[in-house]
Amino acid sequence: MSSKQSKSDTGNRSQIVEEARQSQAEREKGYRERAFKLFPRICARCGREFSGKKLRELTVHHKDHDHDNNPPDGSNWELLCLYCHDNEHSRDQVSDWYGEASPDTDIKSEALDNPFADLANLLKNKE
Ligand SMILES: [Zn+2]
Ligand SMILES: [Zn+2]
């Protein structure tokens, strides 16, 4: 057996958060997979082709910007790469897509921006 046994000794609260997070991801994965089955994995705007890991850069755009409107025939979907998707939304100033990028990295780099600033102030005050 190569599969790991998952530990079940953590609290319920984190489990609930995890479940809520997963159901949102699941919903998104659901229409992503269906859209990828319906359409060729090509950006509808720039015509770039996506496969393997790159597939993450191909997103499902909702033509009416309603994420809950997912007709089985795919009439509300358009496959767009991240760049074209961004363009599409910045044009009409509506942002209905999120969750693809992780903003955490920016916050960290800001905190590490000038690690010596405090030290310099301390030394100055001593003089
Ligand atoms: Zn594109
Ligand atoms: Zn969109």
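The values are calculated or read from the model by the stated rules, or taken from the named source; none is laboratory data. The structure displayed is predicted, hence computed values, not measured ones. Counting neighbours? That spans all protein chains shown, and the Cβs are built from the backbone with ideal geometry, glycine included. The protein model used for the area step is the full one, side chains on, heavy atoms only, and it has no ligands, DNA or RNA in it. Shrake-Rupley method; radii C 1.70, N 1.55, O 1.52, S 1.80 Å.
Assorted remarks:
- Positive dipole terminus of segment 34-76, leading residue within 72, 60, 40 (C-beta point charges): 40
- Sequence of 19, 57 when ordered by accessible area, the most exposed leading, probe 1.4 angstrom: 19, 57
- Counting 0.36 nm for each residue step from residue 73 to residue 55 and taking away their Cα separation leaves a gain of 4.4 nm.
- Charges were assigned to the Cβ only: +1 to each Lys and Arg, -1 to each Asp and Glu. The resulting dipole of segment 11-91 about its Cα centre is roughly 360 debye.
- A 1.4 Å probe, protein heavy atoms only, puts the accessible area of residue 68 near 110 Å².
- Distant-in-sequence amide H partners of residue 77 (H built 1.01 Å from N, under 5 Å): 63
- Taking amide H atoms as placed 1.01 Å from N in the peptide plane, the amide H of residue 59 lies under 5 Å from those of 80, 81, 82, each 5 or more residues away in sequence or on another chain.
- Couplings for segment 19-34, taken from phi via the Karplus curve 6.51 cos²θ - 1.76 cosθ + 1.60 with θ = phi - 60°, read 5, 4, 5, 5, 5, 5, 5, 4, 4, 5, 4, x, 6, 4, 5, 5 Hz in order; Gly and Pro are left as x.
- Debye equation applied to the C-alpha atoms of segment 7-72, log10 I(q)/I(0) at 0.13 Å⁻¹: -0.51
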